[in-house]
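Nothing in this text is a laboratory measurement; each read-out follows from the coordinates by a stated rule. All values reported here derive from a predicted model rather than from experimental measurement. As a convention, Cβ positions derive from the backbone with ideal geometry for all residues, glycine included, and neighbour counts pool all protein chains shown.
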Amino acid sequence: MAHIILYASKASRSLAGYWILEELGLQYDVVDVDIRELKHKEPAYLAINPSGQVPAVSVDGVIVSERPAICAYLADRFGYGSIAPEIESPDRGPYLKWLTYSTSVIDPAIAVYASNLQKPLTETTWGSVHDVVGILEQALGRRRWLLGDNFTAADVAVGSVVTMALFNDLLPDNRALRDYNDRIAARPAFQRAEKLTWPPELFGGH
């Protein structure tokens, strides 16, 4: 059995790390990297992830950081052919696209939207948050999950961004995204991950 360590902080984007591990039904240890106490800036953690961001995972000593990479690595190693489409599958290409899209497009578009920056969007490599919502609406309007009926690690990568953004009112209101978020919230693995990220005894209800 692989020895898995999740480096995480409460009330953070560590949600994605917890969620993918829970979806895969894996046993893992957690190292608390409390971002409020600046533990993510301590030398011990910077040796794990030089960017100081959470989450990160160690699998038998192999360190992986960045949420899409964590989702892809764990899904390929422990859920290949189920939560991760096989290389030969026609779903593999779109799957990789959505994994990348989660943090290369959705995250920065939300950041610009949330900060009310006036920088012309023609100078960015993504687009406006309204473009992002339109693309997600097109993908999810007639599908249960990003790739259709099958839930994949791409839904963890994208869904963890969407659910946190909706909770914090950082996305324009959209029916397709709200319905997607409801389906996410109904998943037992997500519910476990949410409680681990925002323990009810500390945060009440997220």
Using the Kyte-Doolittle scale, find the helices of the chain whose mean hydropathy is at least 1.0 and whose Cα atoms extend 27 Å or more along the helix's long axis, counting only whole DSSP H runs. none
Return the FRET efficiency for the residue pair Ser82, Ala185: r is the Cβ-Cβ distance, R0 is 22 Å, and the value is rounded to the nearest 0.05. 0.55
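Excluding the sites themselves, what is the longest stretch of the chain that contains no GluC sites (Glu not before Pro) in a DSSP loop with at most 14 other C-beta atoms within 10 Å? Working shown, then result.
Numbers: sites that count: Glu86, Glu88.
That would be 89-206.
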Along the charge dipole of the range 4-82, pointing to its positive end and built from +1/-1 on Cβ of Lys, Arg, Asp and Glu, which listed residue (Leu21, Ala75, Leu38) has its Cα farthest out? Leu38
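State whether the range 92-191 is rounded, prolate or oblate according to the following rule on the C-alpha gyration tensor (a ≥ b ≥ c being the square roots of its eigenvalues): a/c under 1.5 gives rounded; otherwise a/b larger than b/c gives prolate, and the remaining case gives oblate. Let's see the in-between values first.
On the way: a/c = 1.95, a/b = 1.49, b/c = 1.30.
Here the range 92-191 falls in the prolate category.
Report the gain in length on full extension from Ala11 to Asp173: 0.36 nm times residue separation, minus Cα-Cα distance, nm rounded to one decimal.
Values: separation 162, 0.36 × 162 = 58.32 nm, distance 2.30 nm.
The span from Ala11 to Asp173 would gain 56.0 nm if fully extended.
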